[in-house]
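Scroll down for the structure; my scribbles are underneath it.
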Amino acid sequence: MSVNSSLACPPTWPTPTELGQGARLWLFSGVLGDHADALFHTLCNELPWERPRVRVFGRQHPVPRLTCWLADPGVRYRYSGLVHEGRGWPEALTTLRRRLGALTGRAPNGVLANLYRDGDDTMGWHRDNEPELGPMPWVLSYNLGAARDFALRRHGEHRQCRVLTLRHDDLLVMSPRVQHHFEHALPRRRRVDAPRLNLTFREIQGLDRG
């Protein structure tokens, strides 16, 4: 069953977390079951990881994590001032991609992978609202490895309003209005000494296909 921008969802979905203003989160646990451990090790070792540099206040800094963009050939995604182009999907992600489609009814054509090597690796406050995601961006965030806190705050405010702990083999689905009204971040957690891999699946609109 397809899920559209009206926030309808199949009856098999978990009960949503209501953030307000039509923004909803759904948390699926045990998405791949016994296959999740093997996928985690394969992706950590085989994906073409990079550590790009971004300009902040006129100076270049390496991002505090490893990252790579995977997508259908020619599908481009711009973030943090960088342009990434898809060159196809690794075989290791085929089962997961199909599983997420079956669970959610979505059809992502790209995924941003981030590898947080320990609790010192982070992601700052942001919204996944780049133009190529379209006006109603559904985002599917799949997690492997160490549990990490996922923080949210209302756009334009400085105090976080909610924190979710995302664990190994969890999938967090964010409705479009989450990106309209909220920012999210992965805060530093020095007590975490194991890696965490996040795969954020996105639906790139036709505007940025090569």
- Query: Do you know which residues across the stretch 18-35 are surrounded by fewer than 15 Cβ atoms within 10 Å (Cβ to Cβ), touching a residue at least 60 places away in the same chain (Cβ under 8 Å) and over 14 Å from Arg99 (Cβ atoms)?
  - Reply: Gly20, Gln21, Gly22
- Task: Identify, by number, the condition in (1) in contact (Cβ under 8 Å) with a residue 60 or more places away in the chain; (2) under 18 Å from the mean Cα position of the chain (by Cα); (3) loosely packed, with under 14 Cβ neighbours inside 10 Å that Trp49 doesn't meet.
- Result: (3)
- Query: Somewhere in the stretch 66-74, is a residue surrounded by fewer than 15 Cβ atoms within 10 Å (Cβ to Cβ), closer than 18 Å to Ala185 by Cα and among the aliphatic types (A, V, I, L, M)?
  - Reply: no
- Task: Return a yes/no flag: does the stretch 133-145 have any residue that is over 13 Å from the mean Cα position of the chain (by Cα), closer than 23 Å to Arg51 by Cβ, buried (at least 17 other Cβ atoms within 10 Å of the Cβ) and not hydrophobic (A, V, I, L, M, F, W, C).
- Result: yes
- Note on the structure: Only one of (1) of a type in the set (A, V, I, L, M, F, W, C); (2) modelled with pLDDT under 95; (3) loosely packed, with under 15 Cβ neighbours inside 10 Å does not apply to Ala38, and that is (2)
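Given the options Phe150, Phe201, name the one that is within 16 Å of the chain's Cα centre (by Cα), without any contact (Cβ under 8 Å) to a residue 60 or more places away in the chain and surrounded by 18 or more Cβ atoms within 10 Å (Cβ to Cβ). Quick ask: steps written out before the conclusion?
Numbers: Phe201 fails: without any contact (Cβ under 8 Å) to a residue 60 or more places away in the chain.
Just a single option satisfies the conditions, and that option is Phe150.
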- Index of the failed condition, Ala92 passing every other in (1) within 15 Å of the chain's Cα centre (by Cα); (2) within 24 Å of Leu39 (Cβ to Cβ): (1)
- Query: How many residues does the stretch 28-78 contain that are farther than 26 Å from Ile204 by Cβ, touching a strand residue (DSSP E or B) at 6+ places or on another chain (Cβ under 8 Å) and not in a loop (DSSP other than H, G, I, E, B)?
  - Reply: 2
- Note on the structure: If we keep only residues of the stretch 190-210 that are outside any loop (DSSP other than H, G, I, E, B) and out of contact with any strand residue (DSSP E or B) (no Cβ under 7 Å at 6 or more places or on another chain), then the residue nearest to Leu93 (Cα to Cα) is Gly206
- Has the stretch 108-131 got any residue that is part of a strand (DSSP E or B), surrounded by fewer than 20 Cβ atoms within 10 Å (Cβ to Cβ), over 15 Å from the mean Cα position of the chain (by Cα) and modelled with pLDDT under 95? no
- Query: Among (1) modelled with pLDDT of 95 or more; (2) surrounded by 16 or more Cβ atoms within 10 Å (Cβ to Cβ); (3) of a type outside the set (Lys, Arg), where does His155 come up short?
  - Reply: (2)
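Just give me the residues in the stretch 158-189 being of a type in the set (S, T, N, Q), crowded, with 22+ Cβ neighbours inside 10 Å and either in contact (Cβ under 8 Å) with a residue 60 or more places away in the chain or not in a helix (DSSP H, G or I) (or both), in sequence order.
Result: Ser175, single match.
The values are calculated or read from the model by the stated rules, or taken from the named source; none is laboratory data. None of these values were measured; they are calculated from a predicted model. Cβ coordinates were reconstructed from backbone atoms using ideal geometry, including for glycine residues, and neighbour counts include every protein chain displayed.
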